[in-house]
Amino acid sequence: MVEEMFDTQESLRDIQTYSAKCQGCGASMVFDPETQSLKCPHCGSKGEVEKNYTVIENDIRKGFAEAEKWNPDEQVTYKCGNCGAVVVMSVDEEASICPFCKATHIAKDGSFQSIRPHMVIPFQFSPQKATEFSKKWARRRLLAPRKFKKNINVDQIKGVYEPCFTFDSNTKSTYHGRVGNKRTRTIGSGKNRRTEVYIVYRNVAGDFERFFDDVLIATNENFDQKELNKLSPFRTDMACVYESKFLSGFMADGYRKNLDESWADAKDEIERRIRDMIISRLHCDVVDYLSVSTTHSSVTFKYLLVPVYSMFFRYKKKDYSVRVNGSTGKVRGKTPISPLRTAIASLLGVGAVILTLVLLAGII
């Protein structure tokens, strides 16, 4: 069992921030997605950010054993007493408010224990651009309250790097089962003549091999697999070796699932894809049953940060969220529904049905 080799430390909701000082005025520089460089918001000075696109694959059998850890001298950890978030910041900064629940009872809570990310997909556009994408998306939500649409602004958008593990695996599968194809035939005669559908079954068996590259798995409930799939695909072709400079001006959620749990999720996802590909290859209409057995080899992993702009808000005592893929601009989320707009839409729908019936009656 490879899970015995993995880090099983207690997982927390962790957010790391990084601060780079401007050589001109001493202010904190931030990563500017538009220019892909560091930029001082006060004096405008810029600092280059060199990217290393060398892909680092890590043998899953070694787990976290040889992974580089976060340096405790680089950050200080705070914990929110309200939502439990663990906020990790550079040592020269202080946290007075939780960036997620806005609670003020946040206090130092020791050092953050985690491996450093291997790769990162840097944000590709600014929070202002993310706000524009969100507004355009919101305008298409016809039943959303006008107040919600009007209140989307850049101050609500937070850029957060969400943690994922990616897995590569060579797979070999064997399968057997029973599938069928639909056929039709005419039976009866005269008034009883009719067409019926029947299924011709056949037994199937075979082998299937496939290499899976960068299977992306979410690692915490704050940004789970369902949310990840909604915002996918991410521009993995833009992934580069992680540097703390990319986090300057942004935050990063820490992983909550360990490597063993994430690999179990990845295997489930790979099994689902293999099954779908086998069924597609069989060109069948019905699957009576299909048993698939898969072995994995040369499995590697990476700890990858993906860019997500998030907006969280409360409306009539319910929580809602809108997220923007920070590499493509894809927007997904849930908005409140206006009772008034719903009533109007229902009336319009009923009116359209009545009008259609009247027109049809006139034609008839």
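The values are calculated or read from the model by the stated rules, or taken from the named source; none is laboratory data. Remember, it's a predicted structure, so these values are computed and weren't measured experimentally. Here the Cβ positions follow ideal geometry from the backbone for every residue, glycine too, while neighbour counts run over all protein chains shown.
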Worksheet item: Among 196, 132, which is the only one that is surrounded by fewer than 19 Cβ atoms within 10 Å (Cβ to Cβ), assigned to a helix (DSSP H, G or I) and at pLDDT 90 or above?
Response: 132
Fill in: Positions within the range 175-193 being part of a strand (DSSP E or B), exposed (fewer than 10 other Cβ atoms within 10 Å of the Cβ) and either among the hydroxyl-bearing types (Ser, Thr, Tyr) or in contact with a helix residue (DSSP H, G or I) (Cβ under 6 Å, 6 or more places away or on another chain) (or both), in sequence order
184, 186
Worksheet, complete the sentence: Taking the range 25-69 and keeping residues closer than 30 Å to residue 297 by Cβ, in a strand (DSSP E or B) and of a type in the set (Ser, Thr, Tyr) leaves none
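Residues 306, 292: which one is surrounded by 17 or more Cβ atoms within 10 Å (Cβ to Cβ) and part of a strand (DSSP E or B)? Working first, answer last.
Values: 292 fails: surrounded by 17 or more Cβ atoms within 10 Å (Cβ to Cβ).
The unique qualifying residue is 306.
Conditions (1) small (Gly, Ala, Ser); (2) under 30 Å from residue 58 (Cα atoms), marked per residue:
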| residue | (1), (2) |
| --- | --- |
| 148 | no, no |
| 159 | yes, yes |
| 164 | no, yes |
| 168 | no, yes |
| 172 | no, yes |
| 180 | yes, no |
| 185 | no, no |
| 191 | no, no |
| 197 | no, no |
Item to complete: State yes or no: is residue 159 outside any helix (DSSP H, G or I) and more than 30 Å from residue 271 (Cβ to Cβ)?
Response: yes
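How about the range 263-289: which of its residues are surrounded by 15 or more Cβ atoms within 10 Å (Cβ to Cβ), in a helix (DSSP H, G or I) and of a type outside the set (Gly, Ala, Ser)?
If the condition is that a residue be surrounded by 15 or more Cβ atoms within 10 Å (Cβ to Cβ), in a helix (DSSP H, G or I) and of a type outside the set (Gly, Ala, Ser), then 263, 265, 267, 269, 270, 271, 274, 275, 278, 279, 282 are the ones that fit.
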Practice prompt. Quickly run through the range 154-176 and pick out the residues that are closer than 27 Å to residue 135 by Cβ and of a type in the set (A, V, I, L, M, F, W, C).
Written response: 154, 157, 160
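Tell me, please, whether a residue that is assigned to a loop (DSSP other than H, G, I, E, B), basic (Lys, Arg) and surrounded by fewer than 15 Cβ atoms within 10 Å (Cβ to Cβ) can be found in the range 309-325.
Looking for residues that are assigned to a loop (DSSP other than H, G, I, E, B), basic (Lys, Arg) and surrounded by fewer than 15 Cβ atoms within 10 Å (Cβ to Cβ), one finds at least one in the range 309-325, hence yes.
Evaluate the range 237-245: report whether one residue or more is in contact (Cβ under 8 Å) with a residue 60 or more places away in the chain, within 17 Å of the chain's Cα centre (by Cα), farther than 30 Å from residue 180 by Cβ and not in a loop (DSSP other than H, G, I, E, B). Walk me through how you get there before you give the answer.
First, the residues of the range 237-245 that are in contact (Cβ under 8 Å) with a residue 60 or more places away in the chain: 238-245.
Going one step further and asking which of them are within 17 Å of the chain's Cα centre (by Cα), we end up with 238-239.
Add one more test, that the residue is farther than 30 Å from residue 180 by Cβ, and what stays is 238-239.
With the extra rule that they be not in a loop (DSSP other than H, G, I, E, B), the set shrinks to 238.
Within the range 237-245, one or more residues are in contact (Cβ under 8 Å) with a residue 60 or more places away in the chain, within 17 Å of the chain's Cα centre (by Cα), farther than 30 Å from residue 180 by Cβ and not in a loop (DSSP other than H, G, I, E, B).
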Fill in: The one condition in (1) under 22 Å from residue 254 (Cα atoms); (2) at pLDDT 80 or above; (3) among the β-branched types (Val, Ile, Thr) that residue 49 fails to fulfil
(1)
Worksheet item: Between residues in the range 268-288 that are modelled with pLDDT of 95 or more and acidic (Asp, Glu) and residues that are surrounded by 13 or more Cβ atoms within 10 Å (Cβ to Cβ) and part of a helix (DSSP H, G or I), which pairs lie under 9 Å by C-beta distance while being six or more apart or on different chains?
Response: 269/225
Worksheet, complete the sentence: The lone condition residue 88 fails out of (1) β-branched (Val, Ile, Thr); (2) within 29 Å of residue 320 (Cα to Cα); (3) modelled with pLDDT of 65 or more is (3)
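Assess whether residue 230 counts as being touching a strand residue (DSSP E or B) at 6+ places or on another chain (Cβ under 6 Å), touching a residue at least 60 places away in the same chain (Cβ under 8 Å), part of a strand (DSSP E or B) and not polar (S, T, N, Q).
Details: touching a strand residue (DSSP E or B) at 6+ places or on another chain (Cβ under 6 Å): yes; touching a residue at least 60 places away in the same chain (Cβ under 8 Å): yes; part of a strand (DSSP E or B): no; not polar (S, T, N, Q): yes.
So residue 230 fails the test.
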Worksheet item: Under the condition of being under 30 Å from the mean Cα position of the chain (by Cα) and among the aliphatic types (A, V, I, L, M), which residue from the range 20-43 is surrounded by the most Cβ atoms within 10 Å (Cβ to Cβ)?
Response: 29
Worksheet item: From the set of residues in the range 216-262 that are farther than 21 Å from residue 322 by Cα and touching an Asp or Glu at 6+ places or on another chain (Cβ under 6 Å), which is surrounded by the most Cβ atoms within 10 Å (Cβ to Cβ)?
Response: 258
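Among the candidates 169, 114, which residue alone is polar (S, T, N, Q), touching a Gly at 6+ places or on another chain (Cβ under 8 Å) and either buried (at least 16 other Cβ atoms within 10 Å of the Cβ) or at pLDDT below 85 (or both)? Step through it out loud before you land on a result.
Numbers: 169 fails: touching a Gly at 6+ places or on another chain (Cβ under 8 Å).
Of 169, 114, the one residue that is polar (S, T, N, Q), touching a Gly at 6+ places or on another chain (Cβ under 8 Å) and either buried (at least 16 other Cβ atoms within 10 Å of the Cβ) or at pLDDT below 85 (or both) is 114.
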Practice prompt. Scan the range 145-180 for residues that are closer than 18 Å to residue 275 by Cα, touching an Asp or Glu at 6+ places or on another chain (Cβ under 6 Å) and among the polar types (S, T, N, Q) and jot them down.
Written response: 174
Item to complete: Tell me which residues, restricted to the range 52-67, are surrounded by 14 or more Cβ atoms within 10 Å (Cβ to Cβ), hydrophobic (A, V, I, L, M, F, W, C) and at pLDDT 85 or above.
Response: 55, 60, 64
